[in-house]
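The values are calculated or read from the model by the stated rules, or taken from the named source; none is laboratory data. Note that the structure is a prediction, hence the values are computed from the model and not measured. For neighbour counting, all protein chains shown are included, and Cβ atoms are generated from backbone atoms with ideal geometry for every residue, glycine included.
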Amino acid sequence: MSTVCASCSGRCCYDIVVRVTPLDIWRIARAQRLAFDEIVVPWREPEPTPAGVQIDATSERYATILGQHPVEAGACAFLMHVGEDVKRCGIYADRPIVCRVYPFVVNKGSIDIRPDARCAPTDWNLATLDYGGFRAGFGRYAAEEAAAAVIVRAWNERVASGELAPSFAAYLAFAEAACAAFPHIDGTGASLERWNEALLPDDVVAAHSAWLVAVAAATPRR
């Protein structure tokens with residue numbers, strides 16, 4: 001845990017939509033011994049997006065987002081109170097990648113603090129940041145977002161053809177089967193974490209492309 005997170009009051013864990021990828025859910029489910037539907041809920045996308053999942057007979061599209069706390073309104077389901085004004089992520093070691101890279105963003109190739117960050121500007125010493133680590137995190141997130149798009153596209157196509165009946169539970173089962181079947185980044189080399197950097201060598205681009213082909217091939221057909 002970073003020194004900043006050690007003194008945080010959990011401001012980033014309230015009233016925020018945390019979109020997660022199938023691989024995020026897969027990691028949390030395995031580590032916490034939870035079912036997919038105990039981790040995420042559907043959230044209707046306000047604008048049409050290719051990443052949206054069809055889960056009913058309408059044209060609406062949905063994202064999978066972390067659920068809400070059962071008692072504390074607006075809080076993430078995994079937020080824990082461990083003392084007065086001291087709050088911690090209950091799945092910190094397995095938290096989604098989008099949470100791992102918060103509150104940073106890649107801006108013209110540089111790592112910057114997001115303009116909407118809830119951390120105070122004085123919370124971060126930019127001179128001591130592990131830029132390589134955050135860059136790898138952003139690269140990995142982009143790679144897993146690409147894999148999520150493969151899964152969502154396969155699901156939506158099968159729903160559109162009538163091959164599968166749309167429901168959120170059925171989509172989660174579909175995504176879980178895909179994650180169980182295809183090779184994970186952890187087993188394919190650190191090069192995939194750098195796939196979206198500028199001027200990549202061919203071996204990195206090829207590795208990412210081959211991984212996505214494997215994802216598509218392993219995504220359930222029925």
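Is it the case, given these coordinates, that R114 is at pLDDT 75 or above and within 30 Å of V159 (Cα to Cα)? Here the answer is no, as R114 does not meet what is asked. Of the residues making up the range 81-123, those that are more than 21 Å from A143 (Cα to Cα) and part of a strand (DSSP E or B) are H81, V82, G83, V86, K87, R88, C89, I113. Would you say A29 is surrounded by 11 or more Cβ atoms within 10 Å (Cβ to Cβ), within 16 Å of the chain's Cα centre (by Cα) and in a loop (DSSP other than H, G, I, E, B)? So A29 fails the test. Can you name the residue in the range 153-176 that is in a helix (DSSP H, G or I) and not hydrophobic (A, V, I, L, M, F, W, C) and is also surrounded by the most Cβ atoms within 10 Å (Cβ to Cβ) among such residues? In this case the residue turns out to be Y171. Which members of the range 50-76 meet the condition of being touching a residue at least 12 places away in the same chain (Cβ under 8 Å), surrounded by 11 or more Cβ atoms within 10 Å (Cβ to Cβ) and either assigned to a loop (DSSP other than H, G, I, E, B) or polar (S, T, N, Q) (or both)? Passing the criteria: A51, G52, Q54, I55, D56, E60, R61, T64, G67, Q68, G74. Take the conditions out of contact with any strand residue (DSSP E or B) (no Cβ under 9 Å at 6 or more places or on another chain), surrounded by 12 or more Cβ atoms within 10 Å (Cβ to Cβ) and at pLDDT 90 or above and apply them to L23. Does it pass? Against the criterion (out of contact with any strand residue (DSSP E or B) (no Cβ under 9 Å at 6 or more places or on another chain), surrounded by 12 or more Cβ atoms within 10 Å (Cβ to Cβ) and at pLDDT 90 or above), L23 does not qualify.
Number of residues in the range 144-163 that are over 14 Å from G52 (Cβ atoms) and either free of Cβ contacts under 8 Å to residues at least 24 places away in the same chain or charged (D, E, K, R) (or both): the value is 5.
So V17 fits all but one of (1) surrounded by fewer than 13 Cβ atoms within 10 Å (Cβ to Cβ); (2) out of contact with any Phe, Trp or Tyr (no Cβ under 7 Å at 6 or more places or on another chain); (3) not hydroxyl-bearing (S, T, Y); what number is the exception? Only one criterion in (1) surrounded by fewer than 13 Cβ atoms within 10 Å (Cβ to Cβ); (2) out of contact with any Phe, Trp or Tyr (no Cβ under 7 Å at 6 or more places or on another chain); (3) not hydroxyl-bearing (S, T, Y) is unmet by V17, namely (2). Filtering the range 1-20 down to residues that are closer than 14 Å to H69 by Cα and in a loop (DSSP other than H, G, I, E, B), which residue is modelled with the highest pLDDT? Looking at the filtered set, the residue picked out is V18.
Among the numbered conditions (1) within 16 Å of the chain's Cα centre (by Cα); (2) in contact (Cβ under 8 Å) with a residue 40 or more places away in the chain; (3) within 18 Å of S9 (Cα to Cα), the only one that L79 does not meet is (1).
Within the range 36-49, the residues that satisfy the criterion of being assigned to a loop (DSSP other than H, G, I, E, B) and surrounded by 13 or more Cβ atoms within 10 Å (Cβ to Cβ) are I39, E45. Suppose we keep only residues that are among the β-branched types (V, I, T) and more than 19 Å from the chain's Cα centre (by Cα) within the range 57-76. Which one would you say is farthest from A160 (Cα to Cα)? Across the range 57-76, the extreme among qualifying residues is V71.
Output yes when any residue across the range 32-39 is of a type in the set (K, R) and touching a residue at least 12 places away in the same chain (Cβ under 8 Å), and no when none is. No: zero hits. In the range 77-100, the residue that is farthest from V18 (Cα to Cα) out of those that are surrounded by 15 or more Cβ atoms within 10 Å (Cβ to Cβ) and aliphatic (A, V, I, L, M) is M80.
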